[in-house]
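See structure below.
The values are calculated or read from the model by the stated rules, or taken from the named source; none is laboratory data. Keep in mind that this is a model prediction, so the values were computed, not measured. Here Cβ is always computed from backbone atoms with ideal geometry, including for glycine, and neighbour counts include all displayed protein chains. These accessible areas exclude ligands, DNA and RNA; they are computed on the full protein's heavy atoms, side chains included. Shrake-Rupley method; radii C 1.70, N 1.55, O 1.52, S 1.80 Å.
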Amino acid sequence: MKANELTKIFPHPSKDDTNIPLFANASFEMTSDQPNFIIGVSGSGKTTLFRIISSLEPINAGEIFLNELAIHHLKGRNKTKYLSSLGFIDQFPAKYLSLLLTVKQNMDYNLILYSSLQKEEREKRILETARNFEILHLLERKAIHLSGGEMRRLSLACNMIYNPSLILCDEPTSQLDDKTKELIMQSIYKMNELYDALIIIATHDMSIIGKNPTFKIVERRIEKWQ
Ligand SMILES: Nc1ncnc2c1ncn2[C@@H]1O[C@H](COP(=O)(O)OP(=O)(O)O)[C@@H](O)[C@H]1O
Ligand SMILES: [Mg+2]
C-alpha cells in the first residue's frame, strides 16, 4: 500500500472556525511481509485512516493505492468489490458475529457472502480455517457461549475465511488481559504467515508491536517509526 501526500479535513462544527486538517501531506508505504502497526494517541486519526483505506472516507487531497488500485477513486461496483475483499477486526468482535448462530454457521455465513464457493468447498475451507485458529473443537457451539478470547479467534477466522487482500485491525487488544492479548497477537502473526493479505494494526498498546514495521501519526503526518 502506498499513500502520497494525503490531506483530510473534517469541517469544524461552527462555520466561523478555521478547519484544521487531521492529515496534511501524509505519506507512507507498507508491504505484506510482516504485520504493520500504526500508533498514535487517541484522536490522532487511526480509525479515520482505516476508513480512508477502506474507501469509506473521502480525502481532500493526495492519493492512496493498494497495489495498482486507486482507493481514493473507487466508485459503484468497483467499490463494492473492494469492500468485500477487506477484513475488519476491532475490539468489539460481537458486532460482526451472529451470536445465536454456531461457530460453523458464522464462518459459513461469511463464505456465502464473500466467496463463490460451493457447499463442499465451503465445508473444507471451514475445517481448515477452524484448525488454523484453534476453534475446531468449538464448531457446533453458539457464538454467544464463547469466551472473550474464543470470540476474538472466531472473528479472526470469519475474516480470513474468504481470503481478503487487506486486513485492518483497529485496537484489537484493547481491554484484554495479557494472556488473551498474547493469543490474539499469535493468531494475527499466524494469519500473516498463512495468508497473503496485507495486515495493518492500529494500536496505542506499545507492548504488542515488537520489531514490526511501525508508523506513527504525529502532527498530521504519518512517519516511519521503526
Ligand atoms: N465524521 C467526523 N466528523 C468530524 N470529526 C471527526 C469525524 N470522525 C472523526 N472525527 C475527529 O477526527 C479525530 C480523529 O478521530 P479518530 O480517527 O477516531 O482517532 P483515533 O482512532 O486515533 O482515536 C477526532 O478528533 C475525531 O473527533
Ligand atoms: Mg480509533
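Which condition breaks for I144 when tested against (1) in contact with a Ser or Thr (Cβ under 8 Å, 6 or more places away or on another chain); (2) more than 24 Å from L83 (Cα to Cα)?
The failed condition is (1).
Would you call S174 over 24 Å from N67 (Cα atoms), hydroxyl-bearing (S, T, Y), open to solvent by 10 Å² or more (accessible area, probe 1.4 Å) and in contact with a strand residue (DSSP E or B) (Cβ under 9 Å, 6 or more places away or on another chain)?
In short, yes.
Of all residues in the range 9-55, how many are surrounded by 17 or more Cβ atoms within 10 Å (Cβ to Cβ), within 9 Å of ligand 1 (Cβ to nearest atom) and farther than 21 Å from Y82 by Cα?
Residues that pass the stated criteria total 5.
Only one of these is closer than 26 Å to M30 by Cα, away from ligand 2 (no atom under 16 Å from the Cβ) and under 19 Å from the mean Cα position of the chain (by Cα): M107, M160. Name it.
Working: M107 fails: closer than 26 Å to M30 by Cα.
Selected residue: M160, the only one of M107, M160 that is closer than 26 Å to M30 by Cα, away from ligand 2 (no atom under 16 Å from the Cβ) and under 19 Å from the mean Cα position of the chain (by Cα).
Can you confirm whether the range 20-29 contains a residue that is more than 13 Å from the chain's Cα centre (by Cα), in a loop (DSSP other than H, G, I, E, B) and modelled with pLDDT of 95 or more? Quick ask: steps written out before the conclusion?
Within the range 20-29, the first condition is being more than 13 Å from the chain's Cα centre (by Cα), and the residues that meet it are 20-29.
Cutting the leftovers down to in a loop (DSSP other than H, G, I, E, B) gives us 20.
This time we only want the ones that are modelled with pLDDT of 95 or more, so: none.
Checked the range 20-29: no residue is more than 13 Å from the chain's Cα centre (by Cα), in a loop (DSSP other than H, G, I, E, B) and modelled with pLDDT of 95 or more.
Mind counting the residues in the range 17-67 that are in contact (Cβ under 8 Å) with a residue 60 or more places away in the chain and of a type in the set (A, V, I, L, M)?
Total satisfying the criteria: 11.
Could you run through the range 68-93 and say how many residues are more than 16 Å from ligand 1 (Cβ to nearest atom) and without any contact (Cβ under 8 Å) to a residue 24 or more places away in the chain?
13
In the range 94-123, what residues are farther than 16 Å from K142 by Cα, open to solvent by 30 Å² or more (accessible area, probe 1.4 Å) and in a helix (DSSP H, G or I)?
If the condition is that a residue be farther than 16 Å from K142 by Cα, open to solvent by 30 Å² or more (accessible area, probe 1.4 Å) and in a helix (DSSP H, G or I), then I112, L113, Y114, K119, E120, E121, R122, E123 are the ones that fit.
Please go through the range 56-71 and pick out each residue that is more than 25 Å from E193 (Cβ to Cβ) and buried (at least 18 other Cβ atoms within 10 Å of the Cβ).
Matches in the range 56-71: I59, G62, I64, I71.
Return only the number of the condition from (1) more than 16 Å from ligand 2 (Cβ to nearest atom); (2) in a helix (DSSP H, G or I); (3) loosely packed, with under 13 Cβ neighbours inside 10 Å that I126 does not satisfy.
For I126, the exception is condition (3).
Listed here are the residues, each with its yes/no results for (1) touching an Asp or Glu at 6+ places or on another chain (Cβ under 9 Å); (2) not charged (D, E, K, R).
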| position | (1), (2) |
| --- | --- |
| I112 | no, yes |
| E140 | no, no |
| C169 | yes, yes |
| K181 | yes, no |
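Go through (1) closer than 23 Å to L198 by Cα; (2) at pLDDT 95 or above one by one and return the number of the condition G40 breaks.
Only one criterion is unmet by G40, namely (2).
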